[in-house]
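Report on the following structure.
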Amino acid sequence: MVFAFRDGRTRLADLYQRDPCRVLFPEPEPDEPPQAVLITTSGGVTDGDTLTMAVEVGADARAVATTQAAEKIYRAAKGGGHCSIDVRLEVAAGAALDWLPQETIVFEGARLKRRTVAEVAGGGALLACEMVVLGRAASGERYVSGLLLDAWSVRRSGRLVWTDTLRVEGETPDGAGFGTANALATVIGVWDEPQSRFDEARALLEAAEKVRAGVTLVNGVMVARLLGEATAVRAATIGFLTEFRGSRLPRVWHV
C-alpha cells in the first residue's frame, strides 16, 4: 500500500494485493487519517506459509494501518518447517504512520519467524505496536513447544538506530523475565523530538494495572513493553495507545 498527499489530503496512491492477504478501507472517524485494515482470508497461518506486507506513506501524508482481527499461527505439522511474516514500513519526510495490528496468537506447536523493518525519514513519525500471545490460555492451552522468532529493525534517514529480536523456543524463558506471563506488547515510537513523548509514555505506563510495563529511549527511538496475562496485556495496551494517541483505536479493535 502506498499513501500520498494530493489535493490537500492523504489518498491511496497504489495498491497490490493477492490472496490470502486483502485490504479494506473503512470510512475513518472525523478528523482521522485514512485507515487500512488488513485481512488474512485463510483465517490463519501455518508452516510453509509466507506473508509479505508493505506500507509506504509519502511526504506530508498520514495513515493508520491495522488488522481486522488477531492473527492466528496454527500448529506446525510434525517435521514441518516454519511460517514467515515480513513487514516493511516506510515513512517519508513530514509523514506519519500508525502501524497498529491486533495481537498475534501463536498456538502450541506453531513455528513463526516474523521480521519487521521500518525506514523513517527525518521529519517523519512512526508509532507501531506488535502484541504476541503464546498459546490459547482461554482454552487451557500452554505454549510448551514450537518457535517464535520476532525481529525488529528501525532505520532513521538510512541509518540503523534500533534492532531487537525475541526468540522463544519451547516454554517461555524465565531468564527473559516472562515468568508466568503469556503475552507481550511492544510499542515503538520514532519522532524528531522524542523526549516529551517518552515522558508522556512513562507517566501513562506507571499507572498501568495488572501488567508489568516500562519504557526507554534508545538512539531516539521510544520502546515500551507490556508483559502479563493476555487479556490484561490487551486491555492495558488499548488503554495506553488510546491515551497516548489522543484518539480511539480503529473500530475493528472494539468489535
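The values are calculated or read from the model by the stated rules, or taken from the named source; none is laboratory data. Remember, it's a predicted structure, so these values are computed and weren't measured experimentally. Here the Cβ positions follow ideal geometry from the backbone for every residue, glycine too, while neighbour counts run over all protein chains shown. Areas reflect the complete protein model, heavy atoms only, side chains present, ligands, DNA and RNA absent. Shrake-Rupley method; radii C 1.70, N 1.55, O 1.52, S 1.80 Å.
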key: Percent of beta bridges antiparallel (DSSP, the chain, rounded to nearest 5)   = 45
ask   = Hey, in the GNM for the chain with a 10 angstrom Cα cutoff, which one of K210, K113, K78 fluctuates hardest?
value = K78
inquiry  = In Å and on Cα atoms, what radius of gyration and Dmax does the stretch 109-154 show?
reply    = 15.1, 47
key: Whole-angstrom Cα spans of the stretch 1-132 along principal axes, big to small   = 54, 29, 23
key: Stokes-Einstein diffusion coefficient of the chain, Kirkwood radius over Cα pairs, 4 °C, 1.567 mPa s, in µm²/s   = 70
request  = Kindly give Rg over Rh for the stretch 180-229, based on alpha-carbon atoms, with the Kirkwood expression for the hydrodynamic radius.
outcome  = 1.01
request  = Evaluate the stretch 56-130: find the radius of gyration of its Cα atoms, find its Kirkwood radius, and give the ratio Rg to Rh.
outcome  = 1.11
task = Could you pull out the chymotrypsin sites (Phe, Trp or Tyr not before Pro) across the stretch 1-79 that fall in loop regions by DSSP (anything but H, G, I, E, B) with no more than 13 other Cβ atoms inside 10 Å?
result = Y16
key: Descending principal axes extents, the stretch 211-255, alpha-carbon based, whole Å   = 36, 24, 13
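Can you work out the accessible area per residue across the chain, with the rest of the protein chains kept in place, probe 1.4 Å, in square angstrom?
Ligands and nucleic acids excluded, the figure is 47 Å² per residue.
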ask   = Using alpha carbons only, what's the Rg to Rh ratio of the stretch 1-64 with Rh from Kirkwood?
value = 1.04
query = Please state the relative contact order of the chain as a whole percent: Cα pairs under 8 Å, 6+ residues apart?
reply = 13
key: Kirkwood Rh in Å, taken over all unlike Cα pairs in the stretch 109-225   = 15.6
Neighbour net charge for V87 - beta-carbon separation under 13 angstrom, K R +1, D E -1 = -3
remark   = Mean-square fluctuation maximum in Gaussian network of the chain, Cα pairs under 10 Å, restricted to S42, S145, S157, hits S42
